[in-house]
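Only the coordinates and a few stated rules stand behind these numbers; no lab work does. Remember, predicted model here, so these are calculated numbers, not experimental data. Positions of Cβ are generated from backbone atoms using ideal geometry, with glycine treated the same way; all protein chains shown enter the neighbour counts.
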Amino acid sequence: MVDSRPALAKDGRRGERLELRVPTTASQLPAVRAMASDLALRMDYDLDAVEDLRLAVDEACAILARIKAGDEPLTVVFETSRAGLHIDAWVSTTEGTDVPRDGFGWTVLATLVDAVDGRRSTQDAVPGGNGTGAPVAVIAMDKFLPGQRPGQILGDAGQNLAVTP
């Protein structure tokens, strides 16, 4: 497995990482939602943010389940940092398959998290991939803790943004 993505933490510490592989079936997807909820609760997200993450993961998994190829499992990589939670979910696809970003589900997904991206990739470029050039479809999501933003959004200043009433 290749982990080509750097950790989100800018403080020199690598974020915690959890990789989950499940069959892309309706009976197994609740485990992915439960993992997202549990991690968010442990990271002290408020209950609304926990529910947003749970629903976002559910929607991302549903989108990917519709475009998967073969019997390969759904892979979801959760990575925690001081800024928040980053999630990469991906499935094997056929060459040229795009993540659909024009439906109601994508709109809902985009409103539930702070950043989302859907793209084509390969197994050698995704966290938890097998190192080959086999095609995959990826949905990457970020949900930041209150007052936290990664450096690239702030011009790589590496500072935290806090707004007080």
- Task: Enumerate the amide H contacts of LEU74 below 5 Å, restricted to partners 5 or more residues apart or on another chain; note that Pro and chain-start residues carry no placed amide H.
- Result: VAL22, THR24
- Message: Please list, in order along region 100-113, the HN-Hα scalar couplings obtained from phi with the Karplus expression 6.51 cos²θ - 1.76 cosθ + 1.60 (θ = phi - 60°), rounded to whole Hz, x for Gly and Pro.
- Response: x, 10, 10, x, 4, x, 5, 4, 4, 4, 5, 7, 8, 10
- Message: I'd like the Karplus ³J(HN,Hα) series for region 131-148: coefficients 6.51, -1.76, 1.60, θ = phi - 60°, whole numbers in Hz, and an x wherever there's a Gly or Pro.
- Response: x, 9, x, 5, x, 9, 10, 10, 10, 10, 9, 10, 10, 8, 5, x, x, 10
- Task: Work out how much length GLN148 to ALA62 would gain on full extension: take 0.36 nm times their residue separation and subtract the Cα-Cα distance, in nm to one decimal.
- Result: 28.1 nm
- Message: 5 Å is the cut-off here: which amide hydrogens, built 1.01 Å from N in the peptide plane, fall below it relative to ARG149, excluding neighbours closer than 5 in sequence?
- Response: LEU161
- Want the number for LEU47 to GLU95: 0.36 nm per residue separation, take away the alpha-carbon distance, what's left? 13.3 nm
- Query: Where the centroid of each part is defined by its Cα atoms, how far is region 17-42 from region 97-125 in Å?
  - Reply: 18 Å
- Hey, can you grab everything whose amide H is under 5 Å from the amide H of ASP114? Only 5+ residues off in sequence or another chain; H modelled, so Pro and N-termini drop out. ASP142, LYS143, PHE144
- Task: May I ask you to evaluate 6.51 cos²θ - 1.76 cosθ + 1.60, the Karplus curve with θ = phi - 60°, for each residue of region 52-61 and list the ³J(HN,Hα) values in order in whole Hz, giving x for glycine and proline?
- Result: 4, 5, 4, 5, 5, 4, 4, 5, 4, 5
- Message: Which one, TYR45, GLY131, VAL77, is farthest towards the positive end of the dipole of region 17-147 when Lys and Arg carry +1 and Asp and Glu -1 on their Cβ?
- Response: GLY131
